[in-house]
Amino acid sequence: MPTRTKLESIFTAVVHRNPGEGEFHQAVREVLDSVAPALDKHPEYADAKIIERICEPERQIIFRVPWEDDRGEVHINRGFRVEFNSALGPYKGGLRFHPSVYLGIVKFLGFEQVFKNALTGMPIGGGKGGSDFDPKGRSDREVMRFCQSFMTELYRHLGEHTDVPAGDIGVGAREIGYLFGQYKRITNRYESGVLTGKGLSYGGAQVRKEATGYGAVFFAEQMLRAAGDSFDGKRVVVSGSGNVAIYAIEKVHQLGGIVVACSDSSGYVLDEQGIDLDLLKDLKEVRRARIDAYIATRPHATFVPGRSVWEVPCEVAVPSATQNEISADDADALIKGGCKIVVEGANMPTSPEAIRALEEAGVRFAPGKAANAGGVAASALEMQQNASRDSWTFEYSEQRLHAIMRDIHDRCYATAEEYGVPGNYVVGANIDGFRRVAEAMLAHGLI
Ligand SMILES: NC(=O)C1=CN([C@@H]2O[C@H](COP(=O)(O)OP(=O)(O)OC[C@H]3O[C@@H](n4cnc5c(N)ncnc54)[C@H](O)[C@@H]3O)[C@@H](O)[C@H]2O)C=CC1
Ligand SMILES: O=C(O)CCC(=O)C(=O)O
């Protein structure tokens, strides 16, 4: 059977076995659409049913999370951890707390994580987890009680050699602190490497907080360099205003670009003088406020409620909010606005129709599994420092991150050339990540 026909039937089976999980289907489709030439080169992968096995998580954990709010009312949420693939190392990937979380989202994120982690070249497998709990509007004590209940069930599946969660949407330093405290309490072990993204006072690593945003911009810097260009004077739009967005904005400004707009789920702010980062950090990291509060301090800026930030003309776009936030219409707006490069800081923020439109218009496009791998790479560096009871300086940690992102860029670029599609970072990332996982799975036998 021709490879593409075989992949089509594997995809049909994945949809059948995982009904109603649209995001997971979308992530699988993108990888299967890329890897046919690698399978043709390596018939041993098909013989060992590597693709079929890679699409099936090794383990899926779903659990009840009961907790009590400040008024004494009991709430029940659902917790998830999908341990997707451990061929390269312990399961590694973040936890997302957001009301939209269900199994299909956790599986898409876990599937992406497998290839992303492989691309870092570090010894980490792929997993992801989370809950449909909404931390928005909850007090610190409510968040703490939720995290304690969540960890009271999850702890038995974790360990520095088994499964190592970190943050994602709705899970930052505050949540990681509560989760770590409860793990330590239940197990009576100070196992620093069981979570990453920890605070610097108890085993966290320099640059982990900044790493995903910085890393995405380092990746964009390499794409620009490959075309003989740089960030100097570039007009940039970043979506979101959370962890990834804030540090992407910081690095763009350090490299000489200007970020004129960013957003949250209520709308976007446009500041032609460049986003004021101290103000944004205060709003989002300290006050946990909505983005419209930005204009109270910067009255020349405008807040545009309920509209897409992609209507703002820019040369470089860094989607850093959530999945499928760039529709086909948004892609058209970006193209009309003169956008030349889209670099995914978020996971799968660009819909398949939008990717097609961008590619047809000659916009260079970097998929999240390559471009946002800096976060998990810095997590692996945090695990390394925890294991050796060491802590590195900010400067050294940033140098390591920069070198890792350059290496990921260069391998995606070279793999795309090797497979006859120069400049196609989607194919480069999918094939390079896939080959690394496939080789390890072959070596381990049928498990
Ligand atoms: N935190 C990390 O280290 C990594 C995160 N990512 C991905 O980056 C993305 C952002 O994650 P974080 O910054 O960590 O989360 P966060 O919770 O710190 O921030 C999320 C931001 O996205 C905004 N947002 C959410 N839904 C939105 C919508 N529909 N429209 C506009 N804005 C929306 C929120 O208002 C918030 O500003 C996610 O896709 C996540 O999976 C990827 C790699 C690592
Ligand atoms: O740092 C980590 O372990 C995970 C980061 C993450 O969730 C991601 O890369 O999407």
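The values are calculated or read from the model by the stated rules, or taken from the named source; none is laboratory data. On a predicted model such as this, the values are computed, not experimentally measured, just so you know. Backbone-built Cβ (ideal geometry, glycine too); neighbour counts: all protein chains shown. Protein only, heavy atoms only, side chains kept; ligands, DNA and RNA dropped before computing areas. Shrake-Rupley method; radii C 1.70, N 1.55, O 1.52, S 1.80 Å.
Can you tell which of Ala346, Gly137, Gly213 lies farthest toward the positive end of the dipole of the chain, using +1 and -1 charges on the Cβ of basic and acidic side chains (Lys, Arg; Asp, Glu)?
It is Gly137, whose Cα lies furthest towards the positive end.
Using the Cα centre of the stretch 9-119 as origin and beta-carbon charges of +1 (Lys, Arg) and -1 (Asp, Glu), tell me which of His25, Phe11, His75 is placed farthest towards the positive end of the dipole.
The residue sitting farthest along the positive end of the dipole is His75.
Counting only GluC sites (Glu not before Pro) that are in a DSSP loop and have at most 15 other C-beta atoms within 10 Å, tell me the longest site-free stretch of the chain.
Between the exposed loop sites, the longest stretch runs 74-271.
In whole Hz and in residue order, list the ³J(HN,Hα) couplings for the stretch 101-108 that follow from phi through the Karplus curve 6.51 cos²θ - 1.76 cosθ + 1.60, θ = phi - 60°; x for Gly and Pro.
Calculated HN-Hα couplings, in order: 5, 8, 4, x, 6, 5, 5, 4 Hz.
So with the 1.4 Å probe, I'd like the accessible area per residue for the chain, rounded to whole Å².
Numbers: 17670 Å² over 447 residues.
Here the per-residue accessible area is 40 Å².
Can you compute the radius of gyration and Dmax for the stretch 52-173, using only the Cα atoms, both in Å?
Rg then Dmax for the stretch 52-173, in Å: 14.5, 49.
Suppose every K and R has +1 on its Cβ and every D and E has -1 on its Cβ; what is the size of the dipole of the chain about the Cα centre, in Debye to the nearest 20?
It works out to roughly 1000 debye.
Might you report the magnitude of the Cβ-based charge dipole of the stretch 328-447 about its Cα centre, with Lys and Arg at +1 and Asp and Glu at -1, to the nearest 20 debye?
For this selection, approximately 180 debye.
List the pair-distance distribution P(r) of the chain, using every Cα-Cα distance, as the percent of pairs falling in each 20 Å bin from 0 up to the bin containing the longest distance, rounded to whole percents.
The distribution over the chain is 26, 60, 14, 0, given as percents.
Report the relative contact order of the stretch 244-308, percent, no decimals, based on alpha-carbon pairs under 8 angstrom and at least 6 residues apart.
Computed over the stretch 244-308, the figure is 33 percent.
Does the stretch 338-405 classify as rounded, prolate or oblate by the C-alpha gyration tensor (a ≥ b ≥ c root eigenvalues; a/c under 1.5 gives rounded; else a/b over b/c gives prolate, otherwise oblate)?
prolate
Hey, which lysines would be in cross-link range of Lys198, C-alpha to C-alpha under 19 Å, not counting anything within fewer than 8 residues on its own chain?
Hits, sequence-local ones excluded: Lys92, Lys128, Lys184, Lys209, Lys281, Lys284.
Report the local net charge at Ala317: Lys and Arg +1, Asp and Glu -1, summed over other residues whose C-beta lies under 12 Å from its C-beta.
The answer is -1.
If you average the alpha carbon positions of the stretch 84-117 and of the stretch 145-219, how far apart do those two centres end up, in angstrom?
Their Cα centres are 15 Å away from one another.
Given points 7 Å out from each Cα along the Cα-Cβ axis, report the Thr5 to Ala48 separation in nanometres with one decimal.
In this crude label model, Thr5 to Ala48 measures out at 2.6 nm.
Could you work out the pair-distance distribution P(r) of the stretch 236-364 from its alpha-carbon pairs, with 10 angstrom bin width and percents rounded to whole numbers?
Reading the bins upward from 0: 14, 49, 31, 6, 0.
Quick query: amide H of Cys55 versus all other amide H atoms, modeled in the peptide plane; which residues come in under 5 Å with a sequence gap of 5 or more or a different chain?
none
Residue-wise, which Karplus ³J(HN,Hα) couplings in Hz belong to the stretch 301-307, taking 6.51 cos²θ - 1.76 cosθ + 1.60, θ = phi - 60°, and x for glycine or proline?
7, 10, 9, 10, x, x, 10
How large is the helix-only mean residue ellipticity at 222 nm for the chain, computed as the sum of -39500 (n - 2.57) over DSSP H runs with n ≥ 4, divided by its residue count, in deg cm²/dmol to the nearest 500?
-15000 deg cm²/dmol
How large, in percent, is the carbon and sulfur part of the accessible surface of the chain at a probe radius of 1.4 Å? Don't skip to the end; give the middle numbers.
On the way: 8920 of 17670 Å².
Of the solvent-accessible surface of the chain, carbon and sulfur hold 51 percent.
Let's see if you can work this out: charge +1 on each Lys and Arg Cβ, -1 on each Asp and Glu Cβ, no other charges. What is the dipole magnitude of the stretch 208-333 about its Cα centre, in debye to the nearest 20?
Roughly 440 debye, rounded to the nearest 20.
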